[in-house]
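Take a look at the structure below.
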Amino acid sequence: MACPTLMTGTRFLSTALGSIDCHARNIGSYGFGALSAPDSPAALALTGLVTLFIALFGIRLMFGPTPGGRDTVGGVVRIGFVLLLATSWPAWRVLGYDLVLDGPVEIAGTVGSAAGLVSSKSNLIGQLQNADDGIVVVTIYGSGRLTGGISAGADLGDQASGVALSDSLALGLGRTIFLASTLGSFAIIRLMAGLLLALAPVMAGFALFSGTLGIFTGWLRGLAFCALGSVAIFVLKGAELAMLLPWISDVTALREANALAPSAPIELLVLTSAFAILTAGALFIVARLSFFEIAWSGATKTKQLMQSSFLGREVHRQPRLAEASDQQSHAASVSDSIAASIRRHETRERSDREVVRSSTASENETARAASGSQLRTRKVTLLGDEFRRSRRRTSSANMKRDRTA
């Protein structure tokens with residue numbers, strides 16, 4: 001399909017935006033058709049990947065653990081999904097092409113009509129062209145300071161004899177930033193969407209294996225970024241037009257009445273610069289929203305791989321130092337355990353000594369008490385005990401009787 005050619009003057013912006021959209025659609029449709037053709041390199045690579053997947057699954061059935069019914073059905077569904085995505089243009093047009101290129105425009109139109117902004121893509125492109133034409137008119141009229149305009153009142157802006165930038169430089173930069181931000185943002189979201197849509201036959205093969213599934217997921221996230229970015233750009237450009245067009249009408253009316261508008265150049269530069277920054281920030285936020293999980297997980301994996309590679313190099317370069325550190329740590333743990341056992345043994349010995357000391361002291365006190373009691377019994381004697389016989393009385397007759405018995 002032939003795309004509109006660029007035209008200078010009053011139709012530059014509209015023809016540029018139409019050409020960008022047309023090229024994006026051609027890349028997405030004709031690129032997909034070229035890559036999904038049976039004799040294309042992408043089709044041959046996809047055939048090889050499908051054959052490899054089936055061969056690995058067969059080897060698993062023959063020599064590996066028998067897969068369950070869930071794995072078998074999942075493999076068959078995956079192959080069917082990949083072949084449908086890579087070879088069927090009618091299916092891909094419904095699932096991806098129209099969804100990414102036309103769906104965001106309809107969503108943005110619904111939001112814009114509810115918020116009082118532009119409600120269609122053609123209307124948006126026409127309004128952007130009207131805004132560019134108005135900026136050209138304001139640039140031609142100027143602020144009126146150099147042509148002897150009449151002050152419109154007691155406004156300080158009317159009395160200003162000069163500003164930080166010259167009128168021609170500020171007006172020129174304002175229009176340049178407006179055109180660059182508009183065309184750049186549309187080119188990013190539309191042309192990238194067309195390119196990603198065209199790569200569907202190539203990316204579909206990466207969905208077969210778990211090791212390459214991340215590439216396929218990243219491709220889907222790229223399409224999501226283009227779709228969400230389209231919604232954001234359409235709505236933000238509608239808001240910019242809602243502010244810029246009335247301002248252009250006011251400045252044009254002042255200059256047609258030969259009134260001064262010395263603040264207009266700086267105001268135009270500030271408006272266009274602010275919305276250019278807003279557009280870049282919106283695309284950045286959408287990118288973070290689309291690639292948040294991949295960004296963090298990818299950064300974490302990269303960091304882990306870098307650490308493992310550096311650690312591997314250090315281990316290969318200095319194995320003795322690593323072994324020495326391991327031995328030192330083992331020796332430290334052994335010494336700590338020995339010190340703890342020694343402390344426990346010393347504590348037990350102290351407790352045993354205290355027990356022995358206490359028992360010895362108690363025995364000494366008992367002995368002292370016993371000796372004291374004996375002394376007391378010896379000292380206290382009854383009357384007549386000193387004259388009593390201390391041993392039993394015997395005779396020779398008794399001794400003979402005992403021997404014969």
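Using the average count of surrounding beta-carbon atoms within 10 Å as a protection proxy, the listed peptides 191-203, 166-178 rank, highest first, as 191-203, 166-178. Computed over region 18-121, the Cα gyration tensor eigenvalues convert (square root of 5λ each) into semi-axes of 40, 20, 8 Å, ordered from largest to smallest.
Any idea what diffusion coefficient region 35-74 gets from Stokes-Einstein, in µm²/s, Kirkwood Rh on alpha carbon pairs, 37 °C, 0.692 mPa s? Taking Rh from Cα pairs, D becomes 283 µm²/s.
Label-to-label distance for residue 136 and residue 115 is 2.9 nm, based on points extended 7 Å past Cα in the beta-carbon direction.
With the simple model of a label 7 Å out from the Cα in the direction of the Cβ, residue 7 to residue 60 spans 5.9 nm. Accessible surface computed residue by residue for region 11-110, with neighbouring protein chains in place and a 1.4 Å probe, gives 55 Å² per residue. With all protein chains kept in place, the per residue accessible area of region 180-228 amounts to 34 square angstrom at a probe of 1.4 angstrom.
Annotation: amide H-H contacts under 5 Å for residue 259 (H modelled 1.01 Å from N, sequence separation of 5 or more, or interchain): 150. Residue ranking by accessible heavy-atom surface, 1.4 Å probe, largest first, among 39, 71, 132 comes out as 39, 71, 132. If the viscosity is 1.002 mPa s and the temperature 20 °C, what translational diffusion coefficient in µm²/s does Stokes-Einstein give for region 1-79 when Rh comes from Kirkwood over Cα pairs? After rounding, the answer is 129 µm²/s. In terms of packing, defined here as the mean over residues of other Cβ atoms within 10 angstrom, the peptides 269-277, 236-244, 40-48 line up highest first as 236-244, 269-277, 40-48. Within region 214-243, name every residue whose backbone N is under 20 Å away from a label modeled 7 Å from Cα of residue 278 along the Cβ vector. Answer for this model: 228-243. For residue 78, the solvent-accessible surface computed with a 1.4 Å probe is close to 80 Å², ligands and nucleic acids excluded.
The values are calculated or read from the model by the stated rules, or taken from the named source; none is laboratory data. The structure displayed is predicted, hence computed values, not measured ones. For neighbour counting, all protein chains shown are included, and Cβ atoms are generated from backbone atoms with ideal geometry for every residue, glycine included. Remember, those area values only see protein heavy atoms, side chains included, never the ligands or the DNA or RNA. Shrake-Rupley method; radii C 1.70, N 1.55, O 1.52, S 1.80 Å.
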